[in-house]
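Notes to accompany the following structure.
Coordinate-derived values only; no laboratory data. Model, not experiment: these values are computed from the prediction. Backbone-built Cβ (ideal geometry, glycine too); neighbour counts: all protein chains shown.
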Amino acid sequence: MFTVTTVNLSSATGTADSSLGPSELGVLTPDEFLALLHRLRQIDSAQNNDADPHLLVTAASGRFIIRTGQGKLFLYNARDTTEPYSQLSPEKIVTQLDPQRTHAPFTFTASTAPAQPKATPRYAIAFAILITGLALNGYTIYSVFYAQSVHEIPSVVVLTDAAELATLHREAIGSYATGNQPGDRVITVTPEGKIRFFELGTKDGLSINTDSFRLGRHDKRFCLLTSESGVVDFVNPDTLLYYRDTYRRSK
């Protein structure tokens, strides 16, 4: 099953408008979700560029953002917008997000029946199972603690003083980049209170993600607390730190 929220899409998900905002569709079956993806990629290109319509999807394999452009679909990891996107067909997106969906088994013709392997001593099988179990347990523990260390959101104190908010917001407005080559990433803070994440060289010039934010502090450092994209730190007025990458003011 897929829990879906549309952003800047009409109720029929056939048109896009930036004034529509987010709308909860609830839980969809794989067939319903597949039909939604086919409708999404048919959106008019002009509406797509102006409104940045997209889907926020929670599935068995995680949380994702799905965008469209020129009849194609682009899949992003919603929990780490620094990861590159994948261009996939609607069917492949459904399969990737719901790994429990079954596939037709491999078959063998009568003329190519597989050869029977030689019998393996029982003690060898038991030893192999033991070693495999220990390795999997070790890797699972490592993965859990590594993921927590990278993605754990720090404790943030949200600012409430109106004068301070106005001053800091005004100072934050601008664009910050990891570099100026294709593949470098850009963060733009807008006067409207939005934060946009780009990748230089992205097809159609589409943003990877657009998010809202609140101003806050943690560890005595000014930061932007986004709704879905984590915390963006200000090292100084011209330098951002986001998921261990440094972004320097470009404009």
**Q.** Rounded, prolate or oblate (a/c below 1.5 giving rounded, otherwise prolate when a/b exceeds b/c) for region 2-97 by Cα gyration tensor
**A.** rounded
Q | Proximal charge balance of GLU228 [Cβ under 10 Å; K/R count +1, D/E count -1] | A | +1
Q: Along Cα→Cβ, 7 Å out, is where each label goes; now give me the distance between the ones at ASN180 and ASP17 in nm to one decimal.
A: 4.1
(Q) If each residue of separation counts as 0.36 nm, what is the full-extension length gain between GLU83 and GLU192 once their alpha-carbon separation is subtracted? (A) 36.6 nm
**Q.** Listed peptides 179-186, 37-44 by packing density, highest first (mean Cβ within 10 Å)
**A.** 37-44, 179-186
Q) Rounded if a/c is under 1.5, else prolate if a/b beats b/c, else oblate: with a ≥ b ≥ c from the C-alpha gyration tensor eigenvalues square-rooted, which is region 1-50? A) oblate
**Q.** Share of pairwise Cα separations in region 157-249, more than 16 Å, in percent
**A.** 52
